[in-house]
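Student: Take this structure first; my questions come after.
All of the numbers you see were taken from the coordinates with simple rules; none came from a lab. Values in this document were obtained by computation on a predicted structure and should not be read as measured data. Cβ sites come from the backbone with ideal geometry, for glycine too, and all protein chains shown count toward neighbours.
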Amino acid sequence: MDFGEAIANMMASHQSNRSHLHLKDVQDTFARIEHEKGEGSAYRRKALLIGLLSNASPIEAKWISKIITSEMRHGVNLGIFIDALALLTDETRANVETALMLLGDPDELAYGMMRYGRQFTSRLSPTVFKPLRPMLAEQAPDPKYAFETWAGNLIAEIKLDGLRAQVHKRSNDIKIFSRSLRDITEHLPEIVAKCRQTISAYEVILDGEVIATDQDDKPLPFQTLSKRITAEALPRGLVEAFSSRSISLMSF
């Protein structure tokens, strides 16, 4: 039994199967939960979720819970979405992948391509402060396969356990985005300060890895950085706690 089924069983013992929900109710509640910020936001989010589930049938509560916990399995991944959109718009898969990288939002891309076709994708270009979907590595079964695939034109390096990040700069304004395209600028003030000091370009986008190190410049566990990133806001005193540790940006 998964979490969604447990919620459905619990709800079934407390209410009827009759639903008072519409799809827009779910959408609006999720939007309100997303935009709750600041002191007391956790309590307000819980209240919104309780209100939503109290109006749901057991089966609806099951699927709502699975969406929230990322356990929803509908069989459609991003690769299938790209293939389908390419077929629907008579576009190559490579062009759809590039457009998605530039735009970041699959919903916006599908709407634009279905409505305007190639005219929409031809206008896309990298834009500062609009995060790009990161290019991810592909796994090889063994080093020999990788070497033969690239005809020896490759290098090997030690894998450092850091945080994938994009730095966007225009003039003195800087934003940092995570692999999931989340704005994490406030969580990494050292990186912001370092970029202002060292990047001379007026406008630039950097893709790299943020690594936390100790006083001897040895890499620290990823959990050291995750304390920063998973927090809703940078906790008071955390910058001081990290003041003796350097955080580096390696662009590639």
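Student: Given a Förster distance of 35 angstrom, what is the FRET efficiency for LYS46 paired with ASP207, based on the Cβ-Cβ distance and rounded to 0.05?
Tutor: 0.45
Student: Now a separate question. Hey, in the GNM for the chain with a 10 angstrom Cα cutoff, which one of SER200, SER70, SER122 fluctuates hardest?
Tutor: In the Gaussian network model the winner is SER70.
Student: Any idea how far apart ALA140 and GLU39 come out in nm if each label point goes 7 Å out from Cα toward Cβ?
Tutor: It works out to 5.6 nm between the two label points.
Student: For LEU88 and THR127, compute 0.36 nm times the residue count separating them, minus their Cα-Cα distance, and round to one decimal in nm.
Tutor: Here the answer is 11.4 nm.
Student: Here's another thing I want to ask about it. Relative to the longest principal Cα axis of the chain, at what angle does helix 189-198 sit, 0 to 90 degrees, rounded to 10?
Tutor: 30 degrees
Student: Using alpha carbons only, how many degrees (0 to 90, rounded to 10) separate the axis of helix 58-68 from the longest principal axis of the chain?
Tutor: Once rounded, the angle reads 10 degrees.
Student: Based on alpha-carbon centroids, what's the gap between the stretch 21-66 and the stretch 112-161 in Å, whole number please?
Tutor: What the calculation gives is 36 Å, centre to centre.
Student: Between SER180 and ASN153, 0.36 nm times their residue separation minus their Cα-Cα distance comes to what?
Tutor: 6.7 nm
Student: What's the FRET efficiency of ASP2 with SER200 using the Cβ-Cβ distance as r and R₀ = 41 Å, to the nearest 0.05?
Tutor: 0.20
Student: For the Cα atoms of the chain, what angle does the longest principal axis make with the long axis of helix 23-35, in degrees from 0 to 90, nearest 10?
Tutor: 40 degrees
Student: Right, another one. Which whole-number percentage describes the relative contact order of the stretch 78-122, with Cα contacts under 8 Å and a sequence gap of 6 or more?
Tutor: 31 percent
Student: At 0.36 nm per residue, and after removing the present C-alpha to C-alpha distance, how many nm does the segment from ALA12 to ALA193 gain when stretched out fully?
Tutor: 59.8 nm
Student: For the pair THR69/LEU160, report the inter-label distance in nm, with labels modelled 7 Å from Cα in the Cβ direction.
Tutor: 3.7 nm
Student: Could you name the lysines in cross-link range of LYS24, using Cα to Cα under 25 Å and dropping any fewer than eight places away on the same chain?
Tutor: Counting by Cα, and skipping residues close in sequence, LYS24 has these lysines nearby: LYS37, LYS46, LYS62, LYS66.
Student: Tell me, what is the percent relative contact order of the chain, built from C-alpha pairs under 8 Å that lie six or more residues apart?
Tutor: The value is 13 percent.
Student: In addition: Put a dot 7 Å past each Cα toward the Cβ at SER226 and HIS22; how far apart are the dots in nm?
Tutor: Label-label distance for HIS22 and SER226, simple model: 4.1 nm.
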